[in-house]
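A short worksheet on the structure shown next.
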């Protein structure tokens, strides 16, 4: 089976995307990519990121920002998110908008794993999976052994054995925080619902980009944290006239 780079929540951060893809392709030897959505929003390079992901011709699902940019119903957004969405919509090439509007909500890849942006139970509702109870609703509807998701911008590993409640792998969380990478070896009796974190806007206090590599031949899923040129990404945000808060949060990882 191919060695997959699993990426999510790029959010138009070209600097982070390039750093992650260089690590995945050149250092990790990935030959395939799967994208979990939210290609656009918040940052300064929506067209460039959309063009790059499209060029990969990879499995991809729709994120809430990908859906919302194709609409104009932004009344429920906070003012900063709405300003960023209005700017993104004004910048995106029409062909990219059409492409985003046609992305599926979930997808089975190689009969081995599933990808979705938020939850499998209600993929169009964009619910946030923030604990094991939330993850349990998706795990009950999961037919593949592994499902990768994003949306919260926080890497987490949830698992469920037959007949048992879902639980978080707290050891994996601690190892990732301490070492900047963690390898998860799925157990055959369990199903796994794994948040790979955000490429373009991490929100767990670590400003480094986050993504995963899935190697089924080795029986390992590795989540990595990757340094990138945050200062240049921030400068691009400010030069585009986007809210300064969006630049500041990249340094904070929040």
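The values are calculated or read from the model by the stated rules, or taken from the named source; none is laboratory data. Note that the coordinates shown come from a computational prediction; the quantities given were computed from them, not determined experimentally. Glycine gets a Cβ as well: all are built from the backbone with ideal geometry, and neighbour counts include every protein chain shown.
Brief remarks follow.
- In segment 115-138, the qualifying residues are those that are surrounded by 22 or more Cβ atoms within 10 Å (Cβ to Cβ) and touching a strand residue (DSSP E or B) at 6+ places or on another chain (Cβ under 6 Å), and the one that is nearest to residue 64 (Cα to Cα) is 116.
- Candidates are the residues of segment 1-41 that are without any contact (Cβ under 8 Å) to a residue 40 or more places away in the chain and assigned to a helix (DSSP H, G or I); the one that is surrounded by the most Cβ atoms within 10 Å (Cβ to Cβ) is 21.
- The conditions of being at pLDDT 95 or above, under 18 Å from residue 254 (Cα atoms), part of a helix (DSSP H, G or I) and over 15 Å from the mean Cα position of the chain (by Cα) are not met by residue 236.
- If you go through segment 51-66 and keep only what is surrounded by fewer than 23 Cβ atoms within 10 Å (Cβ to Cβ), more than 24 Å from residue 222 (Cβ to Cβ) and in contact with a helix residue (DSSP H, G or I) (Cβ under 7 Å, 6 or more places away or on another chain), you end up with just 54.
- So residue 186, is it closer than 19 Å to residue 4 by Cα and surrounded by fewer than 22 Cβ atoms within 10 Å (Cβ to Cβ): yes
- Only residues that are within 21 Å of residue 242 (Cβ to Cβ), surrounded by fewer than 17 Cβ atoms within 10 Å (Cβ to Cβ) and out of contact with any helix residue (DSSP H, G or I) (no Cβ under 7 Å at 6 or more places or on another chain) were counted across segment 84-96, and they come to 2.
- For segment 152-166, a tally of residues being buried (at least 16 other Cβ atoms within 10 Å of the Cβ) and in contact with a helix residue (DSSP H, G or I) (Cβ under 7 Å, 6 or more places away or on another chain) returns 6.
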